[in-house]
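The values are calculated or read from the model by the stated rules, or taken from the named source; none is laboratory data. Remember, it's a predicted structure, so these values are computed and weren't measured experimentally. All Cβ positions, glycine included, derive from the backbone under ideal geometry; neighbour counts span all protein chains shown. Keep in mind that these areas ignore ligands, DNA and RNA; they rest on the heavy atoms of the full protein, side chains included. Shrake-Rupley method; radii C 1.70, N 1.55, O 1.52, S 1.80 Å.
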Amino acid sequence: MRNLFAVILLVIVSNVSLASESEGLIIHRSTQTFPEAMLALQTSIGEHGYTVSRVQRVDIGLTKSGYKTDKYRIVFFGKSNEIRAVKQSQPQLIPYLPLKIVIFSENNETLLVASNMTQFAVLAKQDGTKILLERWNNDIHSIFSDVK
Amino acid sequence: MHQQYIRAASIAGLMFALMVSALNVQAAPNGRSLYENNCSSCHGIDGKGGVGVPLSLPSFLNSVPDSYLEKTIRYGRPGRVMPPYPTLSDAQIKSIVGHLRSFADGEVPASLDVLVRGDIKRGKKLYGQNCSSCHGVNGEGGKGTGVTFSRPRDLPVIAPAINNSGFLLAATDSMIKRTLINGREGTPMISFIKAGLKEKDIDDIVSYVRSFEKATPKTNRVVSRSESPVLIYDSQSDLKTTVANLKNAAAAENFRIIRVQDLENGLVKKGTESNREVIVYFCNFETLNKVLAVDPRVGLFLPCRATVVEREGKVQVMSINPRYLSAMYNNDELDKFCDEMYEIYTNIIEEAIL
C-alpha cells in the first residue's frame, strides 16, 4: 500500500514539475537589491553542495572600456566530482561546464538567468548523465527560489 | 487479518481521494501565482516592466479589451522575446488577465471589432511621417527589450513590433485606432489626435498597419533546434600549440584574450587541476555592449570561450553553438548576432586547428 502511495505521489509530483520544463531559459526575478541577491545566490549555491569557482564581473570590463552599465555578473559553479565524472564520460558537454548563472540588476531588483540543463540531454549518451542534468536543473530551480 | 487489510486499504483510498481533491482546489487557476510564475520575471511583480514592457499603466489597461490580453498571452510575439503560452488553459489565461486588471482601476473597454477601411497608400505615407522613427520602417519595432533599466538607451520603453503576427492576431482595428487616438500616457506613445491628426488620417494609418499582415515575413527561425548545441573540431596539433593558435586566431578577429585557465580551476584544490581541458576566454567589449542592449539575458553566452580538450593524445576544440542557443531567446534581433557569432567562432576554431 505504502509503495502504491509513493508511486502515486511521484506521478503527481512529476506531472506538476513538467509544466515549465519545455523552456530553454530559466528566468527568475528577485525583489532584493543586487548585493543582497548576490549574497543569497552564493549562499544557496554553497548550501546545495556546490563550489563557486569564479564570478565574472562583466560590468567592470564594460565600464573600463567606456560603456555604461549597471551590475552584471556571471557566477560559475559546480561540484568537482560531478564535473570530473561528466567531462570524462561525456566530453561533448564540456562547453557547458562548469554551470553558470547570470545575475544583473534592474533598478532595485535583480534578475537571474540560467539555461535549463536538461535540454543538453541530447548530447548525453548515458542515462546516468541525463539524471544528473535533471538534478542540476532541479537544483537551479531550488537555488532561484532561495533568492526571494 | 483480512478485514484489517481491507480497512487499511479503504483508509488509504479515502486519503488518496482527499489528496486528489485538495490538489484540484490548488489547480483552480490562481491569476496572481500564475502571473508570478510565468510573467513577473520579465514584466515585474507589479507590472512595471523590465525585459518586458510595462503592463500596469492605466493608459494601457483602460484602452485594451480582455480579448487582446488573452490572445497576446496565448500567441506571444514570435521573434520579439514575449513567449507564447500554448499549454495554459483558457481558464488559466483568463485568471492571469484578471490579475493584470488588478494593477489599475478604470473601465475595461468592450471587445469591439469594427473594421476600419482607410486608404492604405495614404496611411503608408502618414506612417512614414509619424510612426516609423519609433516603430521602424516596416513596423518591426524598436531594438532591445521592454524598459531595460541596466543601460542607457534612446527610449524609456521599447516601441513594440506592430508588424508582428502575434500582435496582429491579438489587436483588432478598433484597439489600434483607440491606441492612436488615446496614446499611452506614461510612455513615449502619444495621442495622435492631440498631435493634430484627423480621424480620417488615423483610419488610413490603421489600415496600413493592418496591411502588415500580408507583408509580414515568417521570422522566428525554427531551424536552430535542429542544430547541435556544441561545435567540436579535431585539431592537428598538440594541446599547447592549439591553445596558442586559438589565442592568436581570436586576437586576429579583434577579440581580447581575457583569461586562459583549466576547466577545473576554482573547483578543486589549487595545483590538482587536470590540465587536459584548457579554456580560452575572449571578449570584444564593443560587440558585447551592443548585444546586451539587444537582450540583457544573453550573459549565458559570456564570456566568449573555446575549450581545448585532450583525450588519449587526440586534441579537440569545442565551443557552444551560438545558433542553437539563440533559439531559446525568441529574439530575431539576437538571432542576427548569433549568426555572426557562429561565423566568428567557426573562423577562429578552424584557424586554430590547422
>> Among (1) out of contact with any Gly (no Cβ under 9 Å at 6 or more places or on another chain); (2) at the interface with chain A (Cβ under 9 Å from one of its Cβ atoms), there is one condition B:Cys283 misses while meeting the rest; what is its number?
In response: (1)
> When you go through (1) of a type outside the set (A, V, I, L, M, F, W, C); (2) open to solvent by less than 90 Å² (accessible area, probe 1.4 Å); (3) more than 16 Å from B:Pro188 (Cα to Cα); (4) modelled with pLDDT of 90 or more one by one for B:Ser132, which number turns out not to apply?
Replying inline: (3)
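Has the range B:98-110 got at least one residue that is away from chain A (no Cβ under 14 Å), assigned to a helix (DSSP H, G or I), open to solvent by 20 Å² or more (accessible area, probe 1.4 Å) and over 30 Å from B:Ala327 (Cβ atoms)?
yes
Here's the yes/no breakdown for (1) among the aromatic types (Phe, Trp, Tyr); (2) farther than 22 Å from B:Val268 by Cβ; (3) not in a strand (DSSP E or B):
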| site | (1), (2), (3) |
| --- | --- |
| A:Gln56 | no, no, no |
| A:Leu62 | no, yes, yes |
| A:Asp70 | no, yes, yes |
| A:Phe76 | yes, no, no |
| A:Pro95 | no, no, yes |
| A:His141 | no, yes, yes |
> So which residues in the range A:107-138 are in a helix (DSSP H, G or I) and either touching a Leu at 6+ places or on another chain (Cβ under 9 Å) or aliphatic (A, V, I, L, M) (or both), if there are any at all?
Replying inline: A:Met117, A:Thr118, A:Gln119, A:Phe120, A:Ala121, A:Val122, A:Leu123, A:Thr129, A:Ile131, A:Leu132, A:Leu133, A:Trp136
> Pick from the range A:110-135 the residues that are touching a residue at least 40 places away in the same chain (Cβ under 8 Å) and more than 11 Å from chain B (Cβ to nearest Cβ): which of them is farthest from the chain's Cα centre (by Cα)?
Replying inline: A:Thr129
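Quick check on my filter: what residues within the range A:29-40 are part of a helix (DSSP H, G or I) and over 15 Å from the mean Cα position of the chain (by Cα)?
Across the range A:29-40, the qualifying residues are A:Phe34, A:Pro35, A:Glu36, A:Leu39.
Please go through the range B:62-76 and give me each residue that is within 18 Å of the chain's Cα centre (by Cα) and open to solvent by less than 30 Å² (accessible area, probe 1.4 Å), ordered by number.
B:Leu69, B:Thr72, B:Ile73, B:Gly76, listed by residue number.
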> Checking A:Thr43 against (1) open to solvent by 10 Å² or more (accessible area, probe 1.4 Å); (2) over 15 Å from the mean Cα position of the chain (by Cα); (3) more than 7 Å from every other protein chain (Cβ to nearest Cβ), which single condition isn't satisfied?
Replying inline: (2)
> Regarding A:Lys87, is this residue at the interface with chain B (Cβ under 10 Å from one of its Cβ atoms), free of Cβ contacts under 8 Å to residues at least 24 places away in the same chain and not in a helix (DSSP H, G or I)?
Replying inline: no
> How many of the residues making up the range B:293-319 are more than 7 Å from chain A (Cβ to nearest Cβ), open to solvent by less than 10 Å² (accessible area, probe 1.4 Å) and in a strand (DSSP E or B)?
Replying inline: 4
>> Scan the range B:120-127 and tell me whether some residue there is open to solvent by less than 30 Å² (accessible area, probe 1.4 Å), touching a Ser or Thr at 6+ places or on another chain (Cβ under 7 Å) and modelled with pLDDT of 95 or more.
In response: yes
